[in-house]
Every structure is written in C-alpha cells, then in structure tokens.
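The values are calculated or read from the model by the stated rules, or taken from the named source; none is laboratory data. Given the structure is predicted, the values throughout are model-derived calculations rather than measurements. Reconstructed Cβ throughout: ideal geometry from the backbone, glycine too, with neighbour counts over all protein chains shown. The protein model used for the area step is the full one, side chains on, heavy atoms only, and it has no ligands, DNA or RNA in it. Shrake-Rupley method; radii C 1.70, N 1.55, O 1.52, S 1.80 Å.
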Amino acid sequence: MLAKVLSSAVLGVEAYLVEVEVDIGMGLPSFNTVGLPDTSVKESRDRVKAAIKNSGFEFPSRRITVNLAPADIKKEGACFDLPTACGILAAIGLIRPGRLKDHVILGELSLDGGIRSIRGALPMAVSAAQAGLVGMIVPAENASEAAVVQGIQIFGVETLPQVVEFLNAAQEVPPTRIDLQEVFAQHAEYSVDLTDVKGQAHAKRALEVAAAGGHNILLIGPPGSGKTMLAKRLPTILPDLVLEEAIEVTKLHSICGLLPGRAALIATRPFRAPHHTISDAGLIGGGTIPRPGEVSLAHHGVLFLDEFPEFKRSVLEVLRQPLEDGVVTISRAATSVTFPARFMLAAAMNPCPCVHYLQKSPFGCCDRLRQFG
C-alpha cells in the first residue's frame, strides 16, 4: 500500500515542494524515515503514532517507510508531521486520494491530534502558488500569514480528524481570506515616535539627514545621553515600507519563527539590536542548514550595535559584505545560500572606555584609566 502527499520545506529564503511517500508493507512493525531527515523529522514517528491513536484512528502494526523526496536535500523541522500522518491514513484507505494530489499539507502534530504552528508558511505558500496547486492545508495560526499569497486557497485547520474529514469531502473548511491593503495599513504603526524626544536638536537633525540619504550613523555620548532612545526611533522617520518590501521582511521573520501569533504581515521597518557578545554566525547567519542572522532580520530596517567597541573584531569584519552588497552568502559543505541584508547601520559608543571623557571630574580621563587599570 502506497500513498503520496505533497508538502514543502524552506531552503534559504525560498521554499520547494516535498513529496512525502508512505509505503506500508509486510514485515515486523517498524517506522523508518528516509530522505536526509534531521533529528526533529526522525522524532516525528512518535508524534505521528500517538496523534493517530489519540484521534480515534487505528495505527497499522506493519512495516512503514516514509520517503521525503527530493532525497538529496536535508530536511528539518516538524512541518512533516501532518503530511506523514495523512499519508499513513491514505495508505490504509481512511483518506481518499482525490484532494491529496493538488493540496500542500503542512503542520506539526501534538500527541492529542492537535495541529501546531510551523515556520516558513509564507514562502511555502509562494512555492505552492507558483506550482499551480489548488490549495494549502496549514495550521490555523499560520492561515493569515499564508493567505497573503494570491492565487491559492489557504485552509486553516486545528485537528487531525478535521483534516481527514476535509480530504474526504465530509466537512468543508472555509478558505482564509484577508484584505491585504487593510492588513498592511493596520500593521503600519510604530509604538514609539521621534516626537517623544525633547531637546537633542543636533542629534535629531543627524538622524534626519541619515534617514533622508540612507546613510549609516554613529552616535557618541556618555551613558544616559539618549543614544539608544534615539536609535530606536530611527525606523519611524524612514520611508514607509511598500508591499513588496513588507513581504520580503515577513518571509525572513517567518523562516525564523519570529512572527507574532496569527500575524499576517510585518508592515513596519524592523529594528534589530543584538548584544555585543553575539557570534559571527548569530550576526550574519549560519548553521548546518543556514538560517538568517541579525543582518538579514534587519533587512529594509535598522541594525543597531550598542557599545560598538565591545563587539569582537571578527564580528565587525563580517559586516563588510552585507554593507557593500546588500546580501550575505553563507557557504556550507552541502549547500550555499544567499540571504538579503540591505539595512541601515546605527552604532553607539561612549567617548572612551572610562566613559568620563569631557566630564568635569577631579580626575582626568587618562588618570581614571590608569587608576582602574
């Protein structure tokens, strides 16, 4: 007994279709997953087995083989739980094959058969729409995010039995629809504003000049002078995001799982402020399967480096490519991925390590440095 279910996975910032093939044959009971799965994919067998049983279905006590094609690309994440469960139920005849051919299925299963949210629903929806598929079955929490893509129906589901009934045409699930322009306007609001700042006329003028020309900026001043406060308000005076830019930003945050619950779109310019102890990979991205770093999460926004001299030299050196080219390329043995990274760099620092430069003190700056070593 063989069943095939369409799913999807993300590589870099783009997604590709994955065919989940499930074969149930004679032999000792076993559950094997092939196709370069990582640990989270291999562990899905326990989640799938418990979800099927706790949803009231019979789990076959036979030899089960699951293949994730194409088999030459490493797969990660828990989004293959739901398509694997649907494939098993289809192989034993509990799901009709009709709707499996033109619907992409994604979702993580809980042990009671509930469906949890996943990462990267937006780029996966783009991939499914480009492939000309009819619909996409996703967790209800990701439905609004995926519905941003036009040309494909998005069905938000909450439990495994609901998916089975929908695929068997026993229950209809209304497709999720959103007014893209309305959602874009609702989310295009900042929680802070430059008008909150009283005084600091010369610093605000510098921010305005930097924002007008898209220049990077360095803020120098003693602690408590308002450097961080000013930097947080820099995105609010940048030009508003257009819809295409907002979709690019949303894709990057979706891949990293940073979208707020049930949010459809990020319509404000991002502001990222990593700690000065960040590593090279944390800043530009990395991992066995490369993930976006802080420079990519700040795409079309502001990357703020507070305590600028405290960052390691190697970390600052890796900023060279994204600042010059607007992209960052991460090469690994198995693959090479390019992430967008076009941002404004804002940095802040104290005048000198002892932070007392130009302050009236019985000690001079250099004397204080010598005093404290």
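Checking residue 295 against (1) open to solvent by less than 40 Å² (accessible area, probe 1.4 Å); (2) under 25 Å from residue 186 (Cα atoms); (3) assigned to a helix (DSSP H, G or I): exactly one of these is not met. Which one? Unmet for residue 295, out of (1) open to solvent by less than 40 Å² (accessible area, probe 1.4 Å); (2) under 25 Å from residue 186 (Cα atoms); (3) assigned to a helix (DSSP H, G or I): (2).
Which of (1) over 19 Å from the mean Cα position of the chain (by Cα); (2) more than 22 Å from residue 149 (Cβ to Cβ) does residue 74 not meet, given it meets every other one? Answer for residue 74: the failing condition is (1). Considering every residue within the stretch 20-33, establish whether at least one is open to solvent by 10 Å² or more (accessible area, probe 1.4 Å) and of a type in the set (A, V, I, L, M). Scanning the stretch 20-33 turns up at least one residue that is open to solvent by 10 Å² or more (accessible area, probe 1.4 Å) and of a type in the set (A, V, I, L, M).
Yes or no, residue by residue, for (1) open to solvent by 30 Å² or more (accessible area, probe 1.4 Å); (2) more than 19 Å from the chain's Cα centre (by Cα):
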| residue | (1), (2) |
| --- | --- |
| 262 | yes, no |
| 267 | no, no |
| 276 | yes, yes |
| 283 | no, no |
| 310 | yes, yes |
| 324 | yes, yes |
| 344 | no, yes |
| 347 | no, yes |
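When residue 169 is tested against (1) open to solvent by less than 40 Å² (accessible area, probe 1.4 Å); (2) among the aliphatic types (A, V, I, L, M); (3) within 30 Å of residue 97 (Cβ to Cβ), just one condition goes unmet, and that condition is (1).
In this entry, residue 134 is excluded by the filter for residues that are more than 24 Å from residue 47 (Cβ to Cβ) and either among the charged types (D, E, K, R) or open to solvent by less than 10 Å² (accessible area, probe 1.4 Å) (or both). All conditions but one from (1) at pLDDT 95 or above; (2) in contact with an Asp or Glu (Cβ under 9 Å, 6 or more places away or on another chain) apply to residue 155; the one that does not is (2). Consider residue 46 carefully, then state whether it is farther than 21 Å from residue 128 by Cα, loosely packed, with under 13 Cβ neighbours inside 10 Å and either at pLDDT 95 or above or acidic (Asp, Glu) (or both). Here the answer is yes, as residue 46 does meet what is asked.
The residue that is nearest to the chain's Cα centre (by Cα), counting only those in the stretch 187-220 that are under 30 Å from residue 138 (Cβ atoms) and touching a residue at least 24 places away in the same chain (Cβ under 8 Å), is 187.
Taken over the stretch 46-94, the criterion of being basic (Lys, Arg) and on the phi > 0 side of the Ramachandran plot is satisfied by no residue. If you filter the stretch 96-116 down to residues that are over 14 Å from residue 6 (Cα atoms) and hydrophobic (A, V, I, L, M, F, W, C), you find that the one that is surrounded by the fewest Cβ atoms within 10 Å (Cβ to Cβ) is 111.
Take residue 161 and tell me if it is more than 23 Å from residue 17 (Cα to Cα), surrounded by fewer than 18 Cβ atoms within 10 Å (Cβ to Cβ), modelled with pLDDT of 90 or more and touching a Ser or Thr at 6+ places or on another chain (Cβ under 7 Å). In short, yes.
Can you find a residue in the stretch 190-209 that is aromatic (Phe, Trp, Tyr) and more than 19 Å from residue 304 (Cα to Cα)?
Of the stretch 190-209, the ones aromatic (Phe, Trp, Tyr) are 190.
From the residues that got through so far, the ones that are more than 19 Å from residue 304 (Cα to Cα) too are none.
Within the stretch 190-209 (the criterion being aromatic (Phe, Trp, Tyr) and more than 19 Å from residue 304 (Cα to Cα)), the answer is no, since none of the residues qualifies.
The set of residues from the stretch 18-65 being of a type outside the set (Val, Ile, Thr) and part of a helix (DSSP H, G or I) comprises 40, 42, 44, 45, 46, 47, 49, 50, 51, 53, 54.
Taking the criterion of being within 22 Å of the chain's Cα centre (by Cα) and within 23 Å of residue 158 (Cα to Cα), the residues of the stretch 16-41 that qualify are 17, 18, 40, 41.
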